[in-house]
Amino acid sequence: MKIQTFSVGPMRTNCYFLTADDGKSAAIVDPGDDADKIIEKVKQKELCVKFILLTHGHFDHTMALEGVRDALNVPVFIHEFDNELLLDGKKSMLNVFSNKTVVHRPAEKLLSDGDEIALGDEKIKVLHTPGHTKGSCCFVCGDFLITGDTLFDGAAGRYDFYGGDFSALICSIERIRDLEGDFKIYPGHGNSSYLSTERMNNPYMQY
Ligand SMILES: [Zn+2]
């Protein structure tokens, strides 16, 4: 599997394109903004997008969701506990940061911990990692790990928004820390890192 990063919107959210080894089957993770740019890139690369994956339901990860899902006619996957954020601008923090109103349709598929999603001949494994939101997830794709706003390069996500929970976040980060082997980490904002580096340097892994 291959991964490409596009920084989108004013919060500089990392939108990821996952492409299977067949070079065509693709998934879009967190279309946070700039729907036109995302759709243009899909066309340029002649990708066959199969679904949209959301690490969680905060607005800065979903502002381009309706534009992209309609243009590409693809289903949306989110953890079952974060579907409510798609339907409520207060819970998604949209109405805290702006006076825009975006109404999302519910996701087509609700994810649970341990689910495996096929992309081409490969699998994406769902890790439910609550704490930043109730339904935050990380996605294991081969030797990389998409961490959303749960784990960043040298930091962790906020836990003071709706559904946030510090002790749940620390448990989730311990679970990530204790995964076997090393992974390249792709967070929801900022730089990528390696799990081996985070195990040594990330203060949230020292609890
Ligand atoms: Zn978030």
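Every read-out reported here was derived from the displayed coordinates using simple, explicitly stated rules and does not represent laboratory data. All figures in this text were calculated on a predicted structure; none of them were measured in a lab. Reconstructed Cβ throughout: ideal geometry from the backbone, glycine too, with neighbour counts over all protein chains shown.
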All positions within region 10-25 that are over 15 Å from the mean Cα position of the chain (by Cα), buried (at least 16 other Cβ atoms within 10 Å of the Cβ) and either under 20 Å from G57 (Cβ atoms) or not hydroxyl-bearing (S, T, Y) (or both)
A20
Is there any pair linking a residue in region 118-147 that is on the phi > 0 side of the Ramachandran plot to one that is within 12 Å of the ligand (Cβ to nearest atom) and of a type in the set (V, I, T), with Cβ under 9 Å and at least six apart or on different chains, and which?
G131/T150
Counting only residues that are within 16 Å of the ligand (Cβ to nearest atom) and in a helix (DSSP H, G or I), which one in region 3-61 is farthest from P106 (Cα to Cα)?
D60
When restricted to G148, G131, G157, G163, the only residue of a type in the set (G, A, S) and surrounded by fewer than 24 Cβ atoms within 10 Å (Cβ to Cβ) is G163
Just to verify a result, which residue in region 133-175, among those that are among the aliphatic types (A, V, I, L, M) and away from the ligand (no atom under 16 Å from the Cβ), is farthest from T62 (Cα to Cα)?
I170
